1. Residues of the range 66-112 being over 22 Å from the mean Cα position of the chain (by Cα), of a type in the set (A, V, I, L, M) and buried (at least 24 other Cβ atoms within 10 Å of the Cβ), which ones?
2. Quick one: S13 ticks every box in (1) surrounded by 14 or more Cβ atoms within 10 Å (Cβ to Cβ); (2) modelled with pLDDT under 95 bar one, so which box is it?
3. Which residue is nearest to K386 (Cα to Cα), if the candidates are limited to the range 202-227 and must be more than 16 Å from the ligand (Cβ to nearest atom) and touching an Asp or Glu at 6+ places or on another chain (Cβ under 8 Å)?
4. For the range 350-378, what are the residues that are away from the ligand (no atom under 16 Å from the Cβ), out of contact with any Gly (no Cβ under 8 Å at 6 or more places or on another chain) and under 14 Å from S322 (Cβ atoms)?
5. When residues of the range 400-432 are filtered for being among the small types (G, A, S) and under 17 Å from the mean Cα position of the chain (by Cα), how many remain?
6. Would you point out which residue out of E398, E347, E415 is surrounded by fewer than 17 Cβ atoms within 10 Å (Cβ to Cβ), part of a helix (DSSP H, G or I) and in contact with a Gly (Cβ under 8 Å, 6 or more places away or on another chain)?
7. Hey, can you tell me all the residues within the range 320-330 that are over 21 Å from the mean Cα position of the chain (by Cα) and in contact (Cβ under 8 Å) with a residue 12 or more places away in the chain?
8. Please state which of the following conditions F471 fails to meet, knowing it meets all the rest: (1) open to solvent by less than 20 Å² (accessible area, probe 1.4 Å); (2) within 23 Å of E270 (Cα to Cα); (3) outside any loop (DSSP other than H, G, I, E, B); (4) away from the ligand (no atom under 14 Å from the Cβ).
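The values are calculated or read from the model by the stated rules, or taken from the named source; none is laboratory data. None of the values given here were measured: they were computed from a predicted structure. A quick note on method: Cβ atoms are made from the backbone with ideal geometry, for glycine too, and the neighbour counts reach across all protein chains shown. Keep in mind that these areas ignore ligands, DNA and RNA; they rest on the heavy atoms of the full protein, side chains included. Shrake-Rupley method; radii C 1.70, N 1.55, O 1.52, S 1.80 Å.
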Amino acid sequence: MADLTSLTIAELSAGFDKKEFSSTDVVNAYIKNIEQGRKYNAYITETCEHALAQAKDCDNRIAAGKRLSMLDGVPLGIKDLFCTKDIRTTAASKILENFVPPYESTVTKNLLDAGSIFIGKTNLDEFAMGGANLTSYFGQTINPIKRADGKEVVTGGSSGGSAAAVAASMCAGATGTDTGGSIRQPAAFCGIVGIKPTYGRCSRYGIIAYASSLDQAGPMTKTVEDAAIMLEKMAGFDELDSTSANIAVPNFTASLKSGIKGLKVGVPKEFLNGDLNKEIADAYNESMEILKSNGAEVKEISLPNMKYALATYYIIAPAEASSNLARYDGLRFGLRVEGASLDEMYENSRSAGFGAEVKRRIMIGTYVLSAGYYDAYYLKALNVRKLIRQDYINAFNEVDTILTPVAPTTAFTIEESKSFDPVTNYLQDVFTVPINLAKLPAISVPIKRAENALPIGMQLIGKDFDEETLFKGAYVLEQNNSWSRK
Ligand code: GLN
């Protein structure tokens, strides 16, 4: 029998249908990989026992020919930001180290209803604030792909544990969340596929909030097809999230392989004339060529306000975070450190419970929202956000999708990342945050290996709720690039 953990979700599903193996076989194979892969620190909590119990139910359904969906029997990693009923959910923070939610997030509930199995909760930056998995209270995640010189590199973040778990075959697919790039950048750094859907496509109910107007859940998988399979089940309207969109979820897998003849792909002139790193620029050009040779038309467009996106994001995201994180007061749930007065108890609990980066964001956020600075920073940022979205809307009058790199470099080493100051870290997000500000969908696909052996990813950005076009385009990129051929 082939190594079961090398199969895609689509292949696992076909194998279950043909009764070639059981879900228990598959879970056991993944448990072995999880044991061997502990050095990557991809999981905060392993739920192998629980997964085996779930697999039994799946096997009964498989035997009866009554599988619930293509995900039935498939082991998934769940970012430890999704509340899972009766399973510890930490947000990689000390303040939630012992938090066991009494309820299930809507996305994970949808995945459970589809029959999927949860094999563990994956590591992340604390409260999803970060881009290298440096800020997790549970320690750094390591990228399973090594640099050519043998050095270990970061997974990217914040969904670094999910990316590492998929890349090292420690689950068949994983959930991520993306506030400013947290699905797409770790996917690019670890050589896998990740899609941030349109804001509102997936319910945010039960996902521990970072910045509510930007947060969105999405799948992280080995292939584009697997991402389509997962998103179809994760997405959908939810009464419990007033920002979830009441729009039907298309059958993403049905149109996936229909080709891109006549597709108009925009490339922002700000990138063509900018100072992209040479290898990233090469991968960018190669991607354009692949799309062209498959019938797409590549057109230059302009996104003039993109240069303000990073500054805008690092006002809006911390502002919302400071408000969302006010609930961790030591009283209702999470860590409590007693003090002589109520105020002292708040102060002690929050001082002990939050890490340095989270505290920095709370302080920035509180500052930009405070009287006197609100207009100068927060309100101005909201206005610039509108301009940034308008840039994309203008571009989409001329093109169907936009192609850009995901990150300015390949993954950096763990040593390098430790010497970065916060602003250097924030600069990593320069190509991903504008899309969250504009609320649009974007998919990240690995394209090729850089000379240092690390993967380079490109992203396709779509119109509101047009994930279908992204899957089609990404599928063509995947089928024709040197990363996948390898
Ligand atoms: N790196 C970005 C940040 O730290 C994005 C994180 C995310 O998307 N959750 O805010």
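1. Across the range 66-112, the qualifying residue is only I95.
2. Looking at each condition in turn, S13 falls short on (2).
3. Taking the range 202-227 and keeping what is more than 16 Å from the ligand (Cβ to nearest atom), we get 203, 205-206, 221-227.
Filter once more, keeping what is touching an Asp or Glu at 6+ places or on another chain (Cβ under 8 Å): 203, 205-206, 223-224.
Details: S203: 23, Y205: 25, G206: 28, T223: 33, V224: 31 Å.
Across the range 202-227, the extreme among qualifying residues is S203.
4. Initially, the range 350-378 is screened for residues away from the ligand (no atom under 16 Å from the Cβ), giving 350-353, 366-367, 369-378.
Right, trim to out of contact with any Gly (no Cβ under 8 Å at 6 or more places or on another chain) and you get 351-352, 366-367, 369-378.
If the condition is that a residue be away from the ligand (no atom under 16 Å from the Cβ), out of contact with any Gly (no Cβ under 8 Å at 6 or more places or on another chain) and under 14 Å from S322 (Cβ atoms), then T366, Y367, L369, S370, Y373, Y374, Y377, Y378 are the ones that fit.
5. If we filter the range 400-432 for residues that are among the small types (G, A, S), which is where we start, we get 407, 411, 417, 419.
Imposing the further condition that a residue be under 17 Å from the mean Cα position of the chain (by Cα) reduces the set to 407, 411.
Here the count works out to 2.
6. Working: E398 fails: part of a helix (DSSP H, G or I); E415 fails: in contact with a Gly (Cβ under 8 Å, 6 or more places away or on another chain).
Residue meeting the stated conditions: E347.
7. Filtering the range 320-330 down to residues over 21 Å from the mean Cα position of the chain (by Cα) leaves 322-323, 326-330.
Once the filter is applied, which keeps residues that are over 21 Å from the mean Cα position of the chain (by Cα) and in contact (Cβ under 8 Å) with a residue 12 or more places away in the chain, the range 320-330 yields S322, S323, Y328, D329, G330.
8. So the condition that F471 fails would be (2).
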